[in-house]
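Have a look at the structure below, then the notes.
The values are calculated or read from the model by the stated rules, or taken from the named source; none is laboratory data. In this text, all values refer to a predicted model and were calculated from it rather than measured experimentally. In this analysis, Cβ positions are derived from the backbone assuming ideal geometry, glycine residues included, and neighbour counts consider all displayed protein chains. Ligands, DNA and RNA are excluded from the accessible area calculation, which covers all protein heavy atoms including side chains. Shrake-Rupley method; radii C 1.70, N 1.55, O 1.52, S 1.80 Å.
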Amino acid sequence: GTFPAGKEATVEFKFRNGKKVGFTAQEINVPQILADIKDYLKSNPKQLDWNRVNIANIGWMLIQKDQAKYVGKEVAKWDLDLQPRDKHFDRRITVKTPLVKAGAYMLTATMANGNTSKIVIWVNDTVLVKKQLDKKAYLFVADAVTGKPLPKVNVEFFGYRQEWKQLTKHHDVLTTAFAVNSDDLGQVMPESKELNNQYQWLIAATTPEGRLA
């Protein structure tokens, strides 16, 4: 799940026996992740690694693939006293974090004896909604907190697909891209010939002020 900017994001934490835990939150450079995914696809890899292009699985990529270059400065750090249940039963609690600014964060929990766990926290100030219409797509860019439309937002479309080449006996990765601005009602309606359904699409809405969806 994601959280609206301006409110403290929360996270569920399960433990047993421990009396104290420390939390550390670090910024994740999402624009750089997106840029590197596009560069990787444009390089036409002979064997496409789906783990490298699955933005929905960003937590696995950052932790299992050791992509420390995307995890930036520490933005929050705090300790929390715990009250474990008797007889070694699990306890689950909701932890309030100080994360209110839009962005993605790597949150690490470290128990007093050293056990650690990690999760990615998303805080959004902008939302991008997509709906399929007859012969075209409809996209709506809005403020994630108020729901008000955001005009003149740059919406970038990056598409990719694989095509089998009999001569070389491997798949080529083909890419295409275009960008448009949302109208005064926060709307974008690309035609089907632009948003070709033979491609998989990464769609990002950005502003010079740093909004990202």
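Every test in (1) among the polar types (S, T, N, Q); (2) in contact with a His (Cβ under 7 Å, 6 or more places away or on another chain); (3) within 30 Å of ASP79 (Cα to Cα) is passed by GLN162 save one, and that test is (3). Within segment 1-13, restricting attention to residues that are under 18 Å from the mean Cα position of the chain (by Cα) and not in a loop (DSSP other than H, G, I, E, B), which residue is nearest to THR110 (Cα to Cα)? Within segment 1-13, the match that is nearest to THR110 (Cα to Cα) is VAL11. Going through segment 84-119 one residue at a time, which ones are farther than 30 Å from PRO151 by Cβ and open to solvent by less than 40 Å² (accessible area, probe 1.4 Å)? Across segment 84-119, the qualifying residues are PRO84, VAL95, THR97, MET106, LEU107, THR108, ALA109, MET111. Taking segment 14-34 as the range and being over 24 Å from TYR70 (Cβ atoms) and either open to solvent by 70 Å² or more (accessible area, probe 1.4 Å) or part of a strand (DSSP E or B) (or both) as the test, the residues that pass are LYS14, PHE15, ARG16, ASN17, LYS19, LYS20, VAL21.
In segment 46-69, the residues that are small (Gly, Ala, Ser) form Cβ pairs under 7 Å with partners that are open to solvent by 50 Å² or more (accessible area, probe 1.4 Å) and modelled with pLDDT of 80 or more, at six or more places apart or across chains, as follows: GLY59/ILE119. For first residues located in segment 135-158 and under 19 Å from PRO208 (Cα atoms), partners that are among the acidic types (Asp, Glu) and lie 6+ apart or on another chain with Cβ distances below 6 Å form the pairs ALA144/ASP125; PRO151/ASP184.
The residues of segment 147-170 that are open to solvent by 30 Å² or more (accessible area, probe 1.4 Å) and touching a Pro at 6+ places or on another chain (Cβ under 9 Å) amount to a single one, ASN154. Based on what the data block shows, is GLU74 surrounded by 12 or more Cβ atoms within 10 Å (Cβ to Cβ), over 26 Å from GLN162 (Cα atoms) and among the charged types (D, E, K, R)? Answer is yes for this residue.
Here LEU62 passes the criteria (1) open to solvent by less than 70 Å² (accessible area, probe 1.4 Å); (2) assigned to a helix (DSSP H, G or I); (3) within 19 Å of GLN200 (Cα to Cα) except the one numbered (3). Residue check: is PRO45 in a loop (DSSP other than H, G, I, E, B) and not polar (S, T, N, Q)? Taking the combined requirement at face value, the residue satisfies it.
Selection over segment 178-213 of residues that are under 20 Å from the mean Cα position of the chain (by Cα), part of a strand (DSSP E or B) and surrounded by 14 or more Cβ atoms within 10 Å (Cβ to Cβ) gives a count of 7. Across segment 34-65, the qualifying residues are those that are of a type in the set (A, V, I, L, M, F, W, C) and at pLDDT 90 or above, and the one among them that is nearest to the chain's Cα centre (by Cα) is LEU34.
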